[in-house]
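Take a look at the structure set out below.
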Amino acid sequence: MCLFAAACSAAGENAANKAATPKDETADELRAMMPKLERFFSPMGQPASFDWLGAYKEPGQTFEEYLQSEPTRPTAERRTLYILPLGEFTPRHKKAVDLSAEYLTAFYGLPVRRLPPKKLPTAAESFRQNKLLNRKQYQTGYILQEILVPSLPADAAALIAFTAADLFPDETMNFVFGQASFTQRVGVWSLFRLAERVQDDVFFRRTLKIAAHETGHMFSIRHCTKYECVMSGTNHLAETDRRPIDACPECTAKILWANAIEPAKRYEKLAEFAKKHGFTEESKDFQAKSAAITAK
Ligand SMILES: [Zn+2]
Ligand SMILES: [Zn+2]
């Protein structure tokens, strides 16, 4: 979830398919919906120096700015989200990937498909032995360019790979949580550090947040600075943990517009997902949001 700059450096880039029509009826409906959702979200407070916004000055992005940015969005030809498991998984890691696939289906209203798992690379330039940590780490750039870009299906809106291995971007950094190329619509995320020393519910929520956040970037949604939101940048796991699994009114409007989904039905599907998997608070919250936006 953009835990380091390397993970988010390409967030502002735009892919080639420009389909924005800033003045449309859907946008008007979404403008009317946004105030009804405000009470469910906390405004972004003053960041601590070690928080994302303490470290990086970002302007945020309103719904209007998003529409004007000619965002990348799914097209008729490219509307499937792909998930690729990379390397070996424990049952716990596997469950996190399964939940993410299901969550993305409801969150973006797009079909999600799993690609057959691939093995971790063995080429000498694809990994290093981190002596300090006494563990093997895989290089994100190698995975993106040598494994994911060649695997990207023609109908992919985006391809997200999950691995249980630890990752690093380059020799200047000790590790990285993940990295994406938004222009190439591919990203790789490690579950390794998300799962360490926490209960399943915390680990699973972290994974859902990362999946939703990174896919949002694939649709040109920039970091949110207005609310505590799943699209806000995070600099450390405590910051990730205090963020909701859902997107704020502005970011939700972007998601609904980009993917042409019906707002109340989407919340109901999200409520169903949350209930089924024991995220009780979130389930009630999604249900309340559905009711709030349908109320006259
Ligand atoms: Zn990000
Ligand atoms: Zn937001």
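The values are calculated or read from the model by the stated rules, or taken from the named source; none is laboratory data. Please read all numbers here as calculations on a predicted model, not as lab measurements. Counting neighbours? That spans all protein chains shown, and the Cβs are built from the backbone with ideal geometry, glycine included. Accessible surface is based on the protein model in full, side chains and every heavy atom, while ligands, DNA and RNA are left aside. Shrake-Rupley method; radii C 1.70, N 1.55, O 1.52, S 1.80 Å.
If the condition is being hydrophobic (A, V, I, L, M, F, W, C), out of contact with any helix residue (DSSP H, G or I) (no Cβ under 6 Å at 6 or more places or on another chain) and at pLDDT 95 or above, then the stretch 259-293 contributes F279, A288, A291. Of the helices (runs of 4 or more DSSP H) that lie entirely inside the stretch 194-296, those containing 3 or more residues that are open to solvent by 10 Å² or more (accessible area, probe 1.4 Å) and more than 16 Å from ligand 2 (Cβ to nearest atom) span 200-218, 237-242, 263-276, 280-294. Taking the stretch 156-174 as the range and being surrounded by 18 or more Cβ atoms within 10 Å (Cβ to Cβ) and free of Cβ contacts under 8 Å to residues at least 60 places away in the same chain as the test, the residues that pass are D166, L167, F168. Across the stretch 175-193, the number of residues qualifying as in a loop (DSSP other than H, G, I, E, B) and either touching an Asp or Glu at 6+ places or on another chain (Cβ under 8 Å) or open to solvent by less than 10 Å² (accessible area, probe 1.4 Å) (or both) comes to 4.
For every residue, the table says whether it meets (1) assigned to a loop (DSSP other than H, G, I, E, B); (2) touching a Ser or Thr at 6+ places or on another chain (Cβ under 7 Å).
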{"site": "A96", "(1), (2)": "no, yes"}
{"site": "R113", "(1), (2)": "no, yes"}
{"site": "T122", "(1), (2)": "yes, no"}
{"site": "L144", "(1), (2)": "no, yes"}
{"site": "I147", "(1), (2)": "no, no"}
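Working only within the stretch 67-89, note down all residues that are in a loop (DSSP other than H, G, I, E, B), among the β-branched types (V, I, T) and surrounded by 19 or more Cβ atoms within 10 Å (Cβ to Cβ). Steps first, answer last, please.
So the first thing to find is which residues in the stretch 67-89 are in a loop (DSSP other than H, G, I, E, B), and the list is 69-79, 87-89.
Subset that is among the β-branched types (V, I, T): 72, 75.
Correct list: T72 only.
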